[in-house]
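What follows is calculated from the coordinates using simple rules that are stated; it is not laboratory data. Note that this is a predicted model, so its numbers are computed, not measured. Note that we place each Cβ from the backbone using ideal geometry, even for glycine, and neighbour counts take in every protein chain shown.
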Amino acid sequence: MAVTRFAPSPTGYLHIGGARTALFDLLWARKTGGSFILRIEDTDRSRNSLTAAKQVMDDLRWLGIQWDQGPEVGGPAEPYYQSQRLDIYNRYIEQLLAADKAYYCFDTADELDQMRKKAAEKKQNFVYPRPSKFPDSADVEKAKAAGRDVMVRFCMPDEEVIVDDVVRGQVKFGGKDISDFIILKSDGFPTYHFACVIDDELMGITHVIRGQEHLMNTPGHIALQKALGFKTPVYAHMSITVSEGGGKMSKRDRAKVLKDAIKKTEGLDKEKLASIGGISAEELDKFITGDSMPDNPAVDAMAEFLNVELPEVNIVDFFKSGYLPQALVNFIALLGYSPSLANSPKTRPRLAGEAGPPVAQEILTLQELIDTFDPSRFNKTNSLFDRKKLQAFNMEHMKLLGEDELLSRYKDFLKVVKSPAAGADDALLKRILKASEGARTLADIDHKSRFLFTEDGKIEYNSKDVEKVLLKNNGEGLAMLAELKTLLSLLPVLNEETIEKMLRGLAEEKKVGLGKVAQPLRVAICGTTVSLPIFESIDMLGLDATIRRIERAINQFSGK
Ligand code: GLU
């Protein structure tokens with residue numbers, strides 16, 4: 001039975017890597033009938049905030065990753081915010097100090113920098129010089145009176161520490177290469193290392209699943225556990241996911257795309273852009289020259305203004321790009337992990353030409369991911385974030401959802417992106433969803449159906465499509481529109497069938513493909529050649545608006 005925990009340090013939105021860790025915590029706990037705990041590691045007062053913690057919880061819930069114990073849920077180890085557990089940590093600090101397994105220190109940041117520099121000059125790894133006699137309470141008073149900071153360091157034992165990792169096997173660390181690290185900071189808060197070890201024990205954590213970047217922290221954590229007589233949990237350090245550009249998927253990737261777009265925009269009104277982002281013109285300049293990076297909301301607002309799509313890195317970015325949580329969960333579960341065929345509920349036969357036994361089906365629901373979870377299937381190698389695959393997964397999961405759930409997800413999405421379709425009635429939205437089968441994302445559906453929510457006179461024509469479809473060959477498309485206008489107004493009833501019959505009839509009469517007839521119509525009513533299927537589009541838009549848009553296109557482009 002695994003008791004797992006997701007322990008974010010809330011500095012902003014939930015990152016895709018964090019979501020993956022949380023998901024595996026959940027899978028492991030559910031598969032073994034254990035418990036999944038959410039713990040907020042907010043001991044860095046300058047970086048962590050309550051709003052960020054709430055945002056992380058919203059994002060987890062949106063994904064369907066619900067914790068059994070933690071904030072807003074409660075549980076036997078309350079409180080679950082580390083900032084509310086200081087008295088607990090202090091008791092253990094006292095215990096270590098009393099046993100001479102920890103000691104006070106008073107160095108300033110400058111002094112430490114000097115020591116590090118000296119070690120670097122000698123090409124040595126910096127190891128904090130442990131004093132031969134530990135400072136006592138009189139020394140602490142003296143240091144305080146002199147205005148120095150007071151901290152506590154842990155005595156790292158001079159012995160080899162072996163981390164027995166589920167993903168990486170046995171990893172050995174030499175204890176003497178590891179500095180006596182700080183466990184209590186000068187502001188009275190414990191460091192992450194200390195609070196994490198205490199809470200893992202007190203919360204009964206049996207399995208710690210976390211990112212590979214924490215592997216080097218683990219020998220220190222194990223040494224602390226030994227010093228305090230705690231149990232050592234099972235560790236699984238998961239490999240990293242790299243973006244298609246090769247880097248770690250960080251907010252820097254987003255900022256970089258925005259910066260490049262700003263540099264490329266000609267005649268940019270910098271003052272306006274800065275005010276859209278809620279930053280000063282100076283801050284914008286610093287961003288452009290690479291000296292600083294604005295916050296997420298500023299980056300998002302400026303990108304929206306410039307119409308630039310940024311690569312998604314946080315869960316909320318994926319939501320705004322129109323992905324379903326079910327698809328995202330399925331996708332992140334297969335980053336650095338592969339489900340086993342042996343206990344997979346679904347297999348697909350080999351495709352023609354593929355040899356061998358059936359292969360595991362990759363499209364899995366959360367329940368199926370739980371049922372098939374097998375910790376021996378983690379991969380050591382880094383995984384690549386493949387957006388095309390995510391889009392394919394999203395398409396499949398849209399098909400798997402029932403009509404009502406898809407509608408409710410779509411409405412949530414429309415509201416968040418402030419789409420003009422957000423206020424539409426359910427019947428129309430259901431029709432749009434039905435007509436959109438095969439779309440990759442909710443955002444695609446929204447874009448392809450915006451023409452239904454745009455005033456006739458505000459349709460923006462894509463100049464390339466106008467040229468290709470309406471103007472080419474002496475205005476062939478425009479002439480077709482004139483005929484279509486007459487035929488449409490002659491239709492006794494307007495519905496998908498009568499429209500289809502009329503369009504096909506006209507194509508046959510002219511001995512051309514359906515596209516030659518349908519594309520001019522599409523450009524006239526939508527402004528582009530990318531829209532929902534044409535018969536449904538006209539039926540949904542209605543005869544009057546269709547005719548008005550045809551007239552507008554003819555008037556605007558005739559004689560061009
Ligand atoms: N608060 C740490 C982080 O967000 C947690 C690491 C751990 O799981 O121990 O990276």
(message) Could you derive backbone 3J(HN,Hα) for region 447-457 from the dihedral phi with the Karplus parameters 6.51, -1.76 and 1.60 (θ = phi - 60°), listing whole Hz in sequence and x where the residue is Gly or Pro?
(response) 4, 5, 10, 4, 4, 6, 10, 10, 5, 3, x
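Please report how many Lys pairs in region 431-481 have alpha carbons closer than 23 angstrom, counting only residues at least 8 apart along the chain or sitting on separate chains.
Numbers: K434/K448; K448/K458; K448/K464; K448/K468; K458/K468; K464/K472.
So the count works out to 6.
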(request) Please work out the FRET efficiency for the pair N473 and I240, using the Cβ-Cβ distance as r and a Förster radius of 35 Å; give the result to the nearest 0.05. (result) 0.05
(message) Amide H of T11 versus every other amide H placed in the peptide plane: which residues, excluding those fewer than 5 positions away on the same chain, fall under 5 Å?
(response) none
(request) Kindly put S537, S35 in sequence by how many other C-beta atoms sit within 10 Å of each C-beta, fewest to most. (result) S35, S537
(message) What are the ³J(HN,Hα) couplings of region 141-155, residue after residue, when phi is run through the Karplus curve with 6.51, -1.76, 1.60 and θ = phi - 60°? Round to Hz, x for glycine and proline.
(response) 4, 4, 4, 4, 4, 7, x, 8, 6, 10, 10, 10, 10, 8, 7
(request) Could you list which residues have their amide H under 5 Å from that of Y235, counting only those 5 or more apart in sequence or on another chain, with H placed in the peptide plane? (result) V166, V208
(request) Relative to the compact-globule scaling 2.2 N^0.38 Å, provide the ratio for the alpha-carbon radius of gyration of region 140-259. (result) 1.33
(request) Take the alpha carbon atoms of region 224-290, find their center, do the same for region 426-483, and report the distance between the two centers in whole angstrom. (result) 36 Å
(message) Between Q361 and R504, what's the calculated FRET efficiency when r is the beta-carbon distance and R0 is 51 Å? Round to 0.05.
(response) 0.85
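Sequence gap at least 6, Cα distance under 8 Å: using those rules, report the relative contact order of the chain to the nearest whole percent. Let's see the in-between values first.
On the way: 781 pairs, mean separation 63.0, N = 560.
Relative contact order for the chain comes out at 11 percent.
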(message) Give the lysines reachable from K142 as a straight Cα distance under 28 Å; neighbours fewer than 8 places away on the same chain don't count.
(response) K101, K117, K118, K133, K185
(request) Please work out how much length the chain gains when fully extended from H447 to Q124, using 0.36 nm per residue of separation minus the C-alpha to C-alpha distance, in nm with one decimal. (result) 110.5 nm
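Test of understanding: what is the full-extension gain from T232 to R387, defined as 0.36 nm times their sequence separation minus their Cα-Cα distance?
Values: separation 155, 0.36 × 155 = 55.80 nm, distance 3.77 nm.
Length gained between T232 and R387: 52.0 nm.
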(message) If I model the chain as equal point scatterers sitting on the Cα atoms and use the Debye formula, what is log10 I(q)/I(0) at q = 0.05, 0.10 Å⁻¹?
(response) -0.31, -0.99
(request) Please label the shape of region 1-157 as rounded, prolate or oblate, based on the square roots a ≥ b ≥ c of the eigenvalues of the alpha-carbon gyration tensor (a/c under 1.5 means rounded; beyond that, a/b larger than b/c means prolate, else oblate). (result) prolate
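List, in the order given, every pair from K389/K418; K264/K411; K256/K430; K270/K418; K248/K389 whose Cα-Cα distance in the structure shown is over 30 Å.
Numbers: K389/K418 27 Å; K264/K411 35 Å; K256/K430 38 Å; K270/K418 25 Å; K248/K389 18 Å.
Beyond 30 Å between Cα atoms: K264/K411; K256/K430.
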(message) Amide H of L184 versus every other amide H placed in the peptide plane: which residues, excluding those fewer than 5 positions away on the same chain, fall under 5 Å?
(response) V152, T191
(message) Output wanted: per-residue J couplings in Hz (rounded whole) for region 522-538, from phi through Karplus 6.51 cos²θ - 1.76 cosθ + 1.60, θ = phi - 60°, x for Gly and Pro.
(response) 4, 5, 5, 8, 10, x, 9, 8, 9, 7, 5, x, 5, 5, 5, 4, 5
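When the expected Rg is taken as 2.2 N^0.38 Å, what fraction or multiple of it is the alpha-carbon Rg of region 374-452?
Working: Rg = 15.7 Å, N = 79, 2.2 N^0.38 = 11.6 Å.
In units of the globular-protein estimate, region 374-452 measures up at 1.35.
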(request) Would you calculate, for the chain, the mean residue ellipticity at 222 nm contributed by helices, counting each DSSP H stretch of 4 or more residues as -39,500 (n - 2.57) and dividing by all residues, to the nearest 500? (result) -14500 deg cm²/dmol
(message) If I stretch the segment between D139 and K511 completely, what's the gain in nm (0.36 nm per residue apart, minus their alpha carbon distance), one decimal?
(response) 124.1 nm
